[in-house]
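So the structure is just underneath, and the comments pick up after that.
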Amino acid sequence: MIDRPVRELMDPTTPTVAPDTTIKDLVQLLATKNLDGVAVVDAGNTVVGIVTAQDMLFQEVEADEHVPYVAPFLDWMVYVQSLGSWERHIEKAFAVTVSDLMTTDVITATADDALHEAAKRMAKGGVSQLPVLEHGFYVGMLTRGHVVVALNRFEFGGKVT
């Protein structure tokens with residue numbers, strides 16, 4: 001178990017985007033910086049969302065979204081998928097700005113959290129990165145890659161490159 005603080009392993013230079021950033025600018029940033037995602041922050045540097053390459057894949061294929069799944073039942077049509085969920089799919093599929101595409105229920109870590117606890121949050125939440133906060137403000141990004149580097153360094157005695 002790695003009890004080092006997240007601040008020792010996070011990347012404090014990972015860029016962020018504003019909610020009104022265009023999808024074009026987002027794609028350009030992710031592509032040129034070879035990033036899997038970025039935190040979305042407001043003018044006060046507070047995390048309001050996260051947008052990832054997975055969201056971009058979702059946008060690419062969700063435009064093919066069909067009508068919500070329905071099942072006939074006694075002359076009625078029963079929606080198997082909620083209309084609210086379907087509307088969110090459509091909104092993401094045709095996103096123009098980051099705020100249309102981002103996930104707002106963000107799993108985060110604090111700079112003082114133990115890496116082990118942050119890694120558990122990633123695993124349980126099924127996410128590949130966590131925005132890192134200090135006093136409620138964005139200070140960096142922790143990725144699965146950082147966890148692997150820490151395992152190599154602290155658990156298996158690997159060299160730092």
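What follows draws every value from the coordinates through simple rules; no lab data is involved. Everything numeric here is computed off the predicted structure, so don't read it as measured data. Please note: Cβ atoms are built from the backbone with ideal geometry, for glycine as well, and neighbour counts cover all protein chains shown.
Give me the extension gain from THR22 to ALA43: residue separation times 0.36 nm, minus the current Cα-Cα distance, reported in nm with one decimal.
Result: 5.9 nm gained on full extension.
Taking 0.36 nm per residue of sequence separation and subtracting the Cα-Cα distance, how much length would be gained by fully extending the chain between ARG144 and ARG121, in nm to one decimal?
7.2 nm
Count the net charge of all other residues whose Cβ sits under 12 Å from the Cβ of VAL38, scoring Lys and Arg as +1 and Asp and Glu as -1.
Within the 12 Å Cβ shell, the charges total -3.
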